[in-house]
1. Counting Lys +1, Arg +1, Asp -1, Glu -1, what net charge surrounds Arg380 among other residues with beta carbon under 9 Å of its beta carbon?
2. Among Gln368, Ser427, Gly395, flag the residue with its Cα farthest along the positive direction of the charge dipole of region 274-433, charges on Cβ as +1 for Lys/Arg and -1 for Asp/Glu.
3. Label-point separation (nm) for Ser350 and Asp486, each offset 7 Å from Cα along Cα-to-Cβ?
4. What FRET efficiency, computed as 1/(1 + (r/R0)^6) with R0 = 25 Å and r the Cβ-Cβ distance, is obtained for Arg245 and Tyr265, rounded to the nearest 0.05?
5. What percentage of the solvent-accessible surface of region 345-475, computed with a 1.4 Å probe over protein heavy atoms, is contributed by carbon and sulfur atoms?
6. For region 209-363, what does the accessible surface come to per residue with a 1.4 Å probe? Please give it in Å².
7. Pop a pseudo-label 7 angstrom from the Cα along the beta-carbon direction at both Asp399 and Glu323 and give the gap in nm to one decimal.
8. Starting from the Cα-Cα distance between Val75 and Arg389, subtract it from 0.36 nm times their residue separation and give me the gain in nm to one decimal.
Amino acid sequence: MRRPLTFLTLLAISGFCAPSLTDCLGQPRSAIADESVDASELSLDAPVIRIALRFGAEKDGNKKAAPQNDAPAPVAPLTAEEKLALEQGDGPLLKLLPMNQPAGEIGTGVADEKKSEPKAKEISPEPMEIPLEMPADLDSAEMKPADIKPAEMHPAEIKPLEKPSDREPAKIARSSEEPKPLELAPETPPLKKLTPQQIRLQAKIHRVLDQYYSQPIDVAKENAWATMHAMLPYGVDAHVRTGGRENRSVNAIGWLCWNGKCKGYNLFYVERGRLGARQGVGVQGHHGQFLAMLAQSYVAPTYEIRVDDQTFDVEDLIEFEKETCRPASELTFKLISLAYYLPVDAEWKSDDGQNWNIERLIAEELRQPVIGAACGGTHRLMGFSYAIRKRELSGLPFDGHWARAKTFIDDYHAYTFRLQNPDGSFSTEWFEGRAAKPDLQRRLQTTGHIAEWLSYSLSDEELTSPKMEKAIDYLATILEQNPRMDWSIGPLGHGLHALAIYDQRVFDTPPGHRSAEVATKLP
């Protein structure tokens, strides 16, 4: 008996016995496939089996297996020129950015601190105790919040996601003396007939969004990149702590637009009287990223931006992003923001004399890869989706590069759901193939980004499909069940933003409702 046992033990140590022995125990093979087996929780009498499971898991963990993929990822439809070049064999069709350039040059979105610093425990304020004041005039050394009385507050008109009548960005009233807080008057959304499953999902989404809303970040500890991501899910509602002795809570968009310091640094600068936004580690990870987040928060182009003693507005930031368009560069976030803020047929010149329009931005982005791009390529897909939405609202036909982008996005929708895991999460290898790593941080990162794009880009009917509901339920569940997890700020921001978009589109929850509710409770 000793020789067979020794041979079996050797096989176990090498990791080859784990699947077959697990089958003998009646355990499903899927438990091994998704790498979620916890040998300590299995009731195993034979020591050799425990060794097989343990060493098998270690072997898999040390070797990165290629993602499973039953079909290649979609490719953008070729233009006539590209087809001709392919037939003639005239070299590569795509003009791609080199992947070895520093982040500061091409904007990879990688900040110096992807993860937030440990947050000190503090008692979360009740909603009625959160002031909504904007930062006041800047001193040479620091910014102090201003006191704004409720009588001075004017609600901002925020553009809903789906109403064709609202084709242009909303406008916000602005006084030359005092900036107005970002808030939205309460609205009574139309009632929808919800299924019991949808009612439960709606309640879970609201619990999660409320839970994380009560945990504002401290701008004395977090940089602008982190602050922008903490702002993204809540938009005009978002607030931050200013740190220091007073450690007050102020509007996050107001703090950033008034160039408040985040971990000691400012986002904006002025050169020759013109507004500019810094890009690189700790500020914007991508060119146009902050403007894209303002667009996704429905902030009006007339909203005020201050740098030292000079006053600008979001329109000046739009002009900066238009003038700095460059071919063969990452234009993802410029496409998101300019598709939102500009007319669908807008044309402009960059500061190097080139002619641009939204369709050219689309064409340039179609030349860039999705797989291998920052955040798995989800932001690039979001850029196409914003342009497509604008085209749909305009009533103009889909032709040229518009048609290519629409076909590309439709193909990626179908492809993405083919990679979905049985538990509702999306692949932990982005769009490279099927994968289900057990690491929750990774699952939040991939599922959160992908669900964010899908929540914006899917049709109303597709949003309520069982597969999409399962994905949103999975995302909300891991966030609700792990409140003490020190989530990375970027993935957390995009994951919560996915829930917020889904909440707005499926359950008709108006954006900006938290600020309006708080404002009505101020004395």
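1. Numbers: positive: none; negative: Glu330, Glu365.
Overall, the nearby charge balance is -2.
2. Result: Ser427.
3. 4.1
4. Working: r = 21 Å, r/R0 = 0.83.
Taking R0 as 25 Å, the efficiency between Arg245 and Tyr265 is 0.75.
5. Working: 2280 of 4590 Å².
Exposed carbon and sulfur together represent 50 percent of the surface.
6. On the way: 5100 Å² over 155 residues.
Roughly 33 Å² per residue, with all protein chains present.
7. Inter-label distance under the simple model: 3.4 nm.
8. Extending this stretch completely gives an extra 111.0 nm.
The values are calculated or read from the model by the stated rules, or taken from the named source; none is laboratory data. As the structure is a prediction and not an experimental result, all values here were calculated from the model. No Cβ is skipped: glycine too gets one built from the backbone with ideal geometry, and neighbour counts run over all protein chains shown. Surface areas here come from the heavy atoms of the whole protein model, side chains and all, with no ligands, DNA or RNA. Shrake-Rupley method; radii C 1.70, N 1.55, O 1.52, S 1.80 Å.
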